[in-house]
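The next block holds one structure in the form of structure tokens; read it before the comments.
The values are calculated or read from the model by the stated rules, or taken from the named source; none is laboratory data. What you see is a predicted model, and the numbers here were worked out from it, not measured in a lab. Cβ placement follows ideal geometry from the backbone for every residue including glycine, while neighbour counts extend to all protein chains displayed.
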Amino acid sequence: MSVTVKEVLTEARRLLNDVGLCKGVLKYVGADGHVLAYCSMGAIDAAVTRLTESVGDTYTLCSQAIKAVQVAIGGVSGGVSIPTWNDTPELTKSDVLSAFSKAIDSCN
């Protein structure tokens, strides 16, 4: 069964909502080895890893999911990158979840 970009973005959004949002690193791991929070890029990476079985699928899905979020945040064609946007001090978890929802909606 083929995984869609919408499924990847939905899983990434779920991870950000349920596990948490961090800034400055792809993921924050606790002393026990459990992930305590993801940044936007880290959530996309984790979602693709959880949902796919082949490396080829992983690259393609990551690229497409990243592009969808870039468009949602207005970061295409010289705009802000996802890591820069994610790490903006005033950016809230709610802002990130909204951007992922917008990216998910664009997949329809």
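Report yes if Tyr59 is modelled with pLDDT under 95 and of a type in the set (Phe, Trp, Tyr), otherwise no. Against the criterion (modelled with pLDDT under 95 and of a type in the set (Phe, Trp, Tyr)), Tyr59 qualifies. Looking across Glu7, Glu11, one residue alone is under 11 Å from the mean Cα position of the chain (by Cα), closer than 15 Å to Ala103 by Cα and among the charged types (D, E, K, R). It is Glu11. Just so you know, in region 20-37 the residues that are within 13 Å of the chain's Cα centre (by Cα) and in contact (Cβ under 8 Å) with a residue 24 or more places away in the chain include one that is farthest from Ser81 (Cα to Cα), and it is Gly20. Residue check: is Ser2 within 22 Å of Ser106 (Cβ to Cβ) and over 12 Å from the mean Cα position of the chain (by Cα)? Answer is yes for this residue.
Among the helices (runs of 4 or more DSSP H) confined to the chain, the ones with at least 1 residues that are crowded, with 20+ Cβ neighbours inside 10 Å and of a type in the set (Ser, Thr, Tyr) are located at 40-51.
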